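Participant: Mind looking over this structure? Questions follow.
Just so it is clear, none of the values below were taken in a lab; they were calculated from the coordinates. Bear in mind that the values here come from a model prediction, so they are computed numbers and not experimental data. As a convention, Cβ positions derive from the backbone with ideal geometry for all residues, glycine included, and neighbour counts pool all protein chains shown.
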Amino acid sequence: MTTAKKVLVLGATGGIGGVIADALLRHGWTVRGMARDAAAARKLRANIDWVQGDAMNGADVRAAAQGATVIIHAVNPPNYANWDKLVLPMIDNTIAAAKAVGARIVLPGTIYNFDPALTPVIRADSPQQPRSRKGSIRVELERRLEAASSNVPVLILRAGDFFGPGARSNWFGQAMVTPGQPVSVVKNLDRSGGHSWAYLPDLAEAMALLLDAGEKLEPFERVQFAGYYDQSGTEIVDAVARVAGKTIRRAGFPWWAMHLLSPLGGFPREAAEIAQYWRHPVRLDNARLVELIGAEPRTPIDQAIRASLMDLGCLPAPTPAATAIKPA
């Protein structure tokens, strides 16, 4: 038997999954999370119903999904290692569990399914012609979800590069600024103008609103989240400078070094593969999202940047203003 608003979030210990879990809790969902160390997860997030399990174990996923009407698939291989060996088995386990319990699958999608040189505007029906290893795997992942949608409903919510409190392994926090240090220099990654960013709390709120509008959703939906479109390629950098409240040095990102070092693997290889998304402008058409939920959640950019920098330890936390005591 299912509970009307019970959701299993796979990846709730991670950045994306954790922020999505918070949004769903605010919208009245009972949230279950699955973790390899449920006891440790419970100490950190007591408002989630934690169960022990591994996304690579189909029986664990099916057991965790019991009673759920929605499964959020926000899980990735630890440290993004063995991507080619783990991503597809994990989605197969989620599909099998969703079929067993009759749940909708929700996937946070990326722009890496597309060739940015050929697809300046991403829509639900845009041709997926990836130019990277991970992009090819993401295309196959979505193909399997679309094939499964004849049995279980599927929602893919696609967005640009994540940033914001809770976001991990993102370009804003790993390449533009230095975590744990006051902002003195910011690196501009963009080489073309026209980059799409997604403030993670806004994206999570949009996902919760979409699930609240579940009866309006088609059995298979690809919905695009527009987020912040940096038209000039310098708007995010400018916002960092405004929020820092001081003159900061602006520097370019060493893409040349990423290409030079890419044969060694690791971060340089990953960076070299996605460099094309900073060379060509790409935005997302959110017409279907607006049709389903109305105006897209949108935190003012300076507020979003301030929260992001504070979360990274680049700005001090605000102190409560002292209450002024006036003489009688």
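Participant: Tell me which of 196, 210, 117 sits at the most positive position along the dipole axis of segment 102-232, charges placed on C-beta atoms (Lys, Arg +1; Asp, Glu -1).
Facilitator: 117
Participant: Can you work out D for segment 60-155 in µm² s⁻¹ from Stokes-Einstein, where Rh is the Kirkwood radius over C-alpha pairs, the temperature is 25 °C and the viscosity is 0.890 mPa s? Working shown, then result.
Facilitator: Numbers: Rh = 14.1 Å.
Taking Rh from Cα pairs, D becomes 174 µm²/s.
Participant: Hey, another quick one. Just the C-alpha atoms of segment 1-62: what Rg/Rh do they give, with Rh taken as the Kirkwood radius?
Facilitator: Numbers: Rg = 11.1 Å, Rh = 11.7 Å.
Result for segment 1-62 is an Rg/Rh of 0.95.
Participant: Now for a separate question. Tell me, rounded to the nearest percent, the portion of alpha carbon pairs in segment 211-328 spaced more than 18 Å apart.
Facilitator: Values: 4976 of 6903 pairs.
For segment 211-328, the share of Cα pairs beyond 18 Å comes to 72 percent.
Participant: Here's something else I'd like to know. Determine the gain in length on full extension of the stretch residue 317-residue 168; use 0.36 nm per residue of separation and subtract their C-alpha separation, reporting nm with one decimal. If you can, show how the numbers build up before the last one.
Facilitator: Values: separation 149, 0.36 × 149 = 53.64 nm, distance 1.94 nm.
Residue separation times 0.36 nm, minus the Cα-Cα distance, leaves 51.7 nm.
Participant: Ok, one more. Which lysines have a Cα less than 28 Å from the Cα of residue 5, not counting those fewer than 8 places away in the same chain?
Facilitator: 43, 99, 216
Participant: Using θ = phi - 60° and the Karplus curve 6.51 cos²θ - 1.76 cosθ + 1.60, what whole-Hz ³J(HN,Hα) does each residue of segment 155-161 get, with Gly and Pro shown as x?
Facilitator: 10, 10, 10, 9, 8, x, 5
Participant: Follow-up question, since we're still on this one. Report the residues of segment 166-191 in range of a label on residue 246: point 7 Å along Cα→C-beta, backbone N strictly under 15 Å from it.
Facilitator: Under cut-off, by backbone N: 178, 180-186.
Participant: Specify the inter-centroid distance of segment 204-280 and segment 53-92, based on alpha-carbon positions, in whole Å.
Facilitator: 25
Participant: Per-residue ellipticity at 222 nm for the chain, helices alone: DSSP H runs ≥ 4 residues times -39500 (n - 2.57), over residue total, nearest 500 deg cm²/dmol? Each step should come with its number before you reach the end.
Facilitator: Numbers: 12 runs with 123 residues, N = 328.
That comes out to -11000 deg cm²/dmol.
Participant: Counting Lys and Arg as +1 and Asp and Glu as -1, each charge on the Cβ, what is the dipole of segment 195-328 about the Cα centre in debye, to the nearest 20?
Facilitator: Values: 13 positive and 16 negative charges, 155 e Å.
Roughly 740 debye, rounded to the nearest 20.
Participant: Could you tell me the extents of segment 146-191's C-alpha atoms along the three principal axes, largest first, rounded to whole Å?
Facilitator: Over segment 146-191, Cα extents along the principal axes are 53, 26, 11 Å.
Participant: What are the semi-axes of the equivalent ellipsoid for segment 128-275, taken as the square roots of 5 times the Cα gyration tensor eigenvalues, largest first, in whole Å? Walk me through the numbers on the way to the answer.
Facilitator: Working: eigenvalues 204, 91, 29 Å².
Rounded to whole Å, the semi-axes are 32, 21, 12.
Participant: Let me ask something additional. From the phi of every residue in segment 140-150, what ³J(HN,Hα) in whole Hz does the Karplus formula 6.51 cos²θ - 1.76 cosθ + 1.60 yield, where θ is phi - 60° and glycine or proline is x?
Facilitator: For segment 140-150, the Karplus-derived couplings read 5, 4, 5, 4, 5, 5, 5, 5, 6, 5, 6 Hz, x marking Gly and Pro.
Participant: May I ask for log10 I(q)/I(0) of the chain at q = 0.06, 0.08 Å⁻¹, from a Debye sum over the Cα atoms as equal point scatterers with solvent left out?
Facilitator: Results for the chain at q = 0.06, 0.08 Å⁻¹ read -0.21, -0.38.
Participant: Would you work out the charge dipole size for the chain about its Cα centre, treating the Cβ of every Lys and Arg as +1 and the Cβ of every Asp and Glu as -1, and quote it to the nearest 20 debye?
Facilitator: With only Lys, Arg, Asp and Glu charged at Cβ, the dipole is about 580 debye.
Participant: Something else now. What is the set of long-range amide H partners of residue 253 at a cut-off below 5 Å, with H atoms built 1.01 Å from backbone N?
Facilitator: Here 188 satisfy the definition.
Participant: Mind checking the full-extension length gain between residue 215 and residue 40? Use 0.36 nm per residue of separation minus the Cα-Cα distance, one decimal, nm. Provide the component values of the computation, followed by the final result.
Facilitator: On the way: separation 175, 0.36 × 175 = 63.00 nm, distance 3.63 nm.
Length difference between fully extended and current span is 59.4 nm.
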